[in-house]
Amino acid sequence: MSLQNDTGTTAEEPVFPTVREVDAGAPLRWIARGVSDLRACPIPSLFYGFCFAAMGLLVTMVFEHAYQYTAAMTSGFLLLGPFLAMGLYEISRQHEQGLACALRPTLTVWRRNAGNIGIFAVVLGVVFLVWARASLVIFALFYTNELPNLSGFLNQLLALENLEFLLVYFSVGLLFACIVFAASVISVPLMLDRNQDAISSMLASIGALARNPGAMIVWALLIVTMTIIGFLSFHLGLVVLMPIVGHASWHAYRDLVAPTGDGPPPTAAH
């Protein structure tokens, strides 16, 4: 990007990003590019994959007998995903620029725009805390059966018991997920790549969703599907699938945000 030099600093004040329209099939191309980045940089990418898997496993182990907290923590896992994937964005940026795929620089990439990334992290943290509290309140108000262990709870879900609870819980959860998704589609890559401020980045992210509802629905479904597969595979799938999603998110940013100077649209592959 023209605003960023080799050290990651900027030479001039960042302008508000221009959001572009993409077709509904664009998310599939992002996934393909994510797979390409994973193949090109397997060691640093899989490091983050193991971190995601370890987090998922820890959530399941700690809260195995308190699934009402597991639901909130799992949602928090998804809410904080864009923040945790910063290292993967940096790996994709390195690969894009023909640089060596090094893990160490990605561990501190947040320093490039620490203040604004911190603001964004606080926003996500507040949303997570509100959702965690709302989750507990919904359990208290609508869950009518005796609290079983996690497997018993899942069996009740599959049997569609406590239907009123399910409708309320997933409706409220979907609302929180949509808010976070809208604010985070491209915001973190923008802050890392252009030194953009947090507010402008989140507004641009919301604008990307508003201009591309079809592509964003497909993208959200892909993320949710890959995450569910990762959890259902005893977290092993997260090792590979989460790096792919992280790398693909970088390419989503590249497609959705016009280069400085409104350059030509990106190609379908590297």
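Rounded to the nearest Hz, the phi-derived 3J(HN,Hα) couplings of the stretch 165-171 under the Karplus curve 6.51 cos²θ - 1.76 cosθ + 1.60 (θ = phi - 60°) are 4, 4, 5, 5, 4, 6, 5, where x marks glycine and proline. Once the Cα-Cα distance is subtracted from the 0.36 nm per residue extended length, the residue 100 to residue 129 segment shows a gain of 6.6 nm.
Each label was represented as a point 7 Å from its Cα along the Cα-to-Cβ direction; for residue 164 and residue 18 these points are 5.4 nm apart.
Where a number appears in this text, it was derived from the coordinates with a stated rule and is not lab data. This is a predicted model, so every value here is computed, not measured. Neighbour counts are summed over all protein chains in view; Cβ atoms, including those assigned to glycine, are modelled from backbone coordinates with ideal geometry.
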